Amino acid sequence: MTETPQEPNPTNRKFLIWFASNFRTICFVFVVICGIGSFVSAYLNGEPQIAEVGDCMTGATTEELKVVECADPAATLKVAGRLTDKEELEWREDGGKSICSPFPGADQSYWRGEPGGKGFVLCMVPK
C-alpha cells in the first residue's frame, strides 16, 4: 500500500505567505501595544515614573511609593521637583540631600533608572 502525496492545503499556504510578507508590521504593532500597555499599567498603578511636580504620593518604602490624589488621606508627600538625566551615584552620594537642595523643604528623594546609569530623581516635601 503506497500513500499518494497530498497537496498542501491552499488556505494554509496563503496564510503563510501573508504572514511572512507582513511579519515586520505584525512585530511593530505588537511592540506598540506592549508599550501602550506598559504606560497604562504605570498610570493605573500610580508608579513613580509618572509623577510630576505638584503630584502627591504615598508610601513608606521605595517599593510602596506611588502617586495618589492629593485629596487622598494616605497622601503624605508632595513632589517639589523632578530632575532628569541624573546618575544613580550622583543621587546616592549623600542620600539625595544635595541633589534636592534647590527645592526648599525637600527632605526625601527617590531615584529610578538603569542601575549604575542615568534616571530621574523625585524631590519630595511633606504634604
Run the dipole for the stretch 48-126 about the Cα centre, Lys and Arg Cβ at +1, Asp and Glu Cβ at -1, nothing else charged, and hand back the magnitude in debye, nearest 20. 100
Can you put Lys66, Lys118 in order of Cβ neighbours within 10 angstrom, beginning with the fewest? Lys118, Lys66
Which aspartates and glutamates, on any chain, are close to Lys66 with Cα under 14 Å apart, when same-chain ones fewer than 8 places away are left out? Glu47, Glu52, Asp55
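Every number here is computed from the coordinates shown, using simple stated rules; none is lab data. What you are looking at is a predicted structure, and each value in this text was computed from that prediction instead of being measured. Cβ sites come from the backbone with ideal geometry, for glycine too, and all protein chains shown count toward neighbours.
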